[in-house]
Amino acid sequence: MIKFNELKIGDRVIVEFEGEKREGEVTGLDWEDKLISVQTEIQDFWYEPEHLFPIDLSDEQLIRFGFEREDNPDGSVKYKKEAFRILLPSKDHFSSFEIWYREDRRHFAHPISIHELQNHYAQMTKVELAI
């Protein structure tokens, strides 16, 4: 489940409907009724927060979002998208890493999901991170 207040329009999430899970994009937020509109490949539909799930941050997901991967000689991995950077201490180690854009640096000692990365990216660059 994802907390309602963590979501922004454009965030990528997993929705569950009648036992089936699909990836989609948040297209609307109803603050009064706490409902989230998500467009999947099938339809645009309103969901309650308990039917939304995060997408794990991974190499595959970063590549989908247009990041370039750079393997460093010390075993660390850097992902680049224009001036935005993500640095992992080692390959696939998404539980402790650093992101930065210009002078804004943020350290994470826990895994984050795609929608959280999208929100940090937008806060830091003032540009939406989309597929």
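Throughout, read-outs are computed from the coordinates displayed, never taken from laboratory work. None of the values given here were measured: they were computed from a predicted structure. FYI the Cβ positions are ideal-geometry reconstructions off the backbone, even for glycines, and counts take in every protein chain you see.
Find the percent of Cα-Cα distances in segment 4-53 that exceed 12 Å, and round it to a whole number. Walk me through the numbers before you get to the answer.
Numbers: 676 of 1225 pairs.
Value for segment 4-53: 55 percent of Cα pairs lie more than 12 Å apart.
Using a cut-off of 20 Å between alpha-carbon atoms, which aspartates and glutamates can reach LYS91, once sequence neighbours fewer than 8 places away in the same chain are excluded?
Within reach: ASP56, ASP59, GLU60, GLU68, GLU70, ASP71, ASP74.
Do you know the relative contact order of the chain, to the nearest whole percent, from alpha carbon pairs under 8 angstrom that are 6+ apart?
Working: 244 pairs, mean separation 25.7, N = 131.
It comes to 20 percent, rounded to a whole number.
Under 5 Å between amide hydrogens, which residues at least 5 positions from TYR47 or on another chain qualify, with H placed 1.01 Å from N in the peptide plane?
When sequence neighbours closer than 5 places are left aside, the close amide H contacts are ILE36, SER37, VAL38.
How large is Rg/Rh for segment 75-121, to two decimals, with Cα atoms and a Kirkwood Rh?
On the way: Rg = 10.1 Å, Rh = 10.9 Å.
Dividing the radius of gyration by the Kirkwood radius yields 0.93.
Exceeding 26 Å between C-alpha atoms, which entries from my cross-link table qualify? They are LYS3/LYS126; LYS34/LYS81; LYS34/LYS78. Before the final figure, lay out each step's value.
Values: LYS3/LYS126 23 Å; LYS34/LYS81 33 Å; LYS34/LYS78 37 Å.
Pairs exceeding 26 Å: LYS34/LYS81; LYS34/LYS78.
Against the longest alpha carbon principal axis of the chain, how many degrees, from 0 to 90 and to the nearest 10, is the axis of helix 114-125 turned?
For helix 114-125, the angle is close to 60 degrees.
Report the Cα centroid-to-centroid distance between segment 27-75 and segment 77-109 in angstrom, as an integer.
If we compute the Cα centre of each part, the gap is 18 Å.
Just tell me which aspartates and glutamates come within less than 13 Å, Cα to Cα, of LYS21; anything on the same chain fewer than 8 places away is out.
Here the aspartates and glutamates satisfying the reach criterion relative to LYS21 are GLU41, GLU50.
Please work out the Kirkwood hydrodynamic radius for the chain, using every pair of different C-alpha atoms, and report it in angstroms with one decimal place. If you can, show how the numbers build up before the last one.
Numbers: mean 1/r = 0.0644 Å⁻¹.
By the Kirkwood definition, the hydrodynamic radius is 15.5 Å.
Sort 102-108, 91-97 by the packing proxy (mean of other Cβ within 10 Å over each peptide's residues), most packed first. If you can, show how the numbers build up before the last one.
Numbers: 102-108: 11.1, 91-97: 14.3.
Per-residue mean Cβ counts within 10 Å order the peptides as 91-97, 102-108.
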